[in-house]
Amino acid sequence: MSTNSGSNTEVNISEQVLDVIRDRRTVKKFKPDPIPTETITELLDVAVWAPNHKLREPWRFLLFTGDGRHRLVDAISAEIGEENNRFAEGILHNPFELVVVMKEDPRQLVWDEDFAAVSALVQNFMLAAWSKGIGTFWVTKPFLYGPKFREQLDILPGEKVVAMIYGGYPDVIPKAQPRTTAVEKLTLFDR
């Protein structure tokens, strides 16, 4: 929350934000209860506030819910073969899958800025979801790069799949994994 009183600007960071960041977990087991599309779009509307250079907003989203999840299963099967698609059961059980696609710019600096922005958007989405009691799992798999998978989902040349996110109400919330303290990886220049 920001408050502006004349020339003094005071910024207060809500402890709730800090708690959500620390408490979020990667959830791999979901209850089958559906998540309303309106809830997911509300979370995306929060996620798009990610920092992105010159407000390029280099992202778009593919959302799979209900029977639409079969389309995702079919796209994976087209790429790796139906007999090899060990993801199908989980995808059809998960309440939703969200594929986040980035428009790729041929200039390396712009590409890097855009990739960072889309990654920040994914994190924003996952944090916003957690704050509503919804768990997520950011998935990156080789089939996301495959031409048959991409063709099935109309992912164009010049676009990159940055994330496939599984989501739903957690059935199992894993314990926190230890993190290395920042100070152990910090090089300080103070003079």
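Of all residues in the stretch 133-163 being open to solvent by 70 Å² or more (accessible area, probe 1.4 Å) and either in a loop (DSSP other than H, G, I, E, B) or touching a Leu at 6+ places or on another chain (Cβ under 8 Å) (or both), which is farthest from P34 (Cα to Cα)? Before the answer, list the steps.
Narrowing the stretch 133-163 to residues open to solvent by 70 Å² or more (accessible area, probe 1.4 Å): 138, 140, 142, 145, 147-148, 151-152, 154, 156-157.
With either in a loop (DSSP other than H, G, I, E, B) or touching a Leu at 6+ places or on another chain (Cβ under 8 Å) (or both) added as a condition, the list becomes 140, 154, 156-157.
Details: T140: 23, D154: 25, L156: 29, P157: 32 Å.
Result: P157.
Quick one: which of W130, W49 is surrounded by fewer than 16 Cβ atoms within 10 Å (Cβ to Cβ), in contact (Cβ under 8 Å) with a residue 60 or more places away in the chain and aromatic (F, W, Y)?
W49
Return yes when E97 is over 21 Å from V162 (Cβ atoms) and acidic (D, E) and no when it is not.
no
On the phi < 0 side of the Ramachandran plot, assigned to a helix (DSSP H, G or I), at pLDDT 95 or above and open to solvent by 100 Å² or more (accessible area, probe 1.4 Å), is that true of R71?
Yes: the conditions hold for R71.
Using beta carbons and a limit of 8 Å, which pairs, at least six apart or on different chains, have the first residue in the stretch 8-22 and modelled with pLDDT of 60 or more and the second one of a type in the set (S, T, Y)?
Q16/S131; V20/S131
Within the stretch 183-191, is there a residue that is outside any helix (DSSP H, G or I), touching a Leu at 6+ places or on another chain (Cβ under 9 Å) and among the hydroxyl-bearing types (S, T, Y)? Before you say what the answer is, go through the steps one by one.
Pass one, the stretch 183-191, residues outside any helix (DSSP H, G or I): 186-191.
Subsequent filtering for residues that are touching a Leu at 6+ places or on another chain (Cβ under 9 Å) retains none.
No, because not a single residue in the stretch 183-191 is outside any helix (DSSP H, G or I), touching a Leu at 6+ places or on another chain (Cβ under 9 Å) and among the hydroxyl-bearing types (S, T, Y).
Scan the stretch 52-101 residue by residue and report those that are farther than 19 Å from I40 by Cα and among the hydrophobic types (A, V, I, L, M, F, W, C).
L55, V73, A75, I76, A78, I80, F87, A88
Determine which single condition A176 fails, assuming it passes every other condition in (1) part of a loop (DSSP other than H, G, I, E, B); (2) open to solvent by less than 90 Å² (accessible area, probe 1.4 Å); (3) without any contact (Cβ under 8 Å) to a residue 24 or more places away in the chain.
Checking A176 against (1) part of a loop (DSSP other than H, G, I, E, B); (2) open to solvent by less than 90 Å² (accessible area, probe 1.4 Å); (3) without any contact (Cβ under 8 Å) to a residue 24 or more places away in the chain, the one that fails is (3).
May I ask you to verify whether R60 is open to solvent by 30 Å² or more (accessible area, probe 1.4 Å) and modelled with pLDDT under 95?
no
Just the residues that are out of contact with any helix residue (DSSP H, G or I) (no Cβ under 8 Å at 6 or more places or on another chain), more than 30 Å from L55 (Cβ to Cβ) and surrounded by fewer than 18 Cβ atoms within 10 Å (Cβ to Cβ), please, taken from the stretch 85-120.
Of everything in the stretch 85-120, those that are out of contact with any helix residue (DSSP H, G or I) (no Cβ under 8 Å at 6 or more places or on another chain), more than 30 Å from L55 (Cβ to Cβ) and surrounded by fewer than 18 Cβ atoms within 10 Å (Cβ to Cβ) turn out to be R86, E89, G90, H93.
The values are calculated or read from the model by the stated rules, or taken from the named source; none is laboratory data. Being a predicted model, the structure only gives us computed values, none of them experimental. No Cβ is skipped: glycine too gets one built from the backbone with ideal geometry, and neighbour counts run over all protein chains shown. All accessible areas refer to the heavy atoms of the entire protein, side chains included, with ligands and DNA or RNA removed. Shrake-Rupley method; radii C 1.70, N 1.55, O 1.52, S 1.80 Å.
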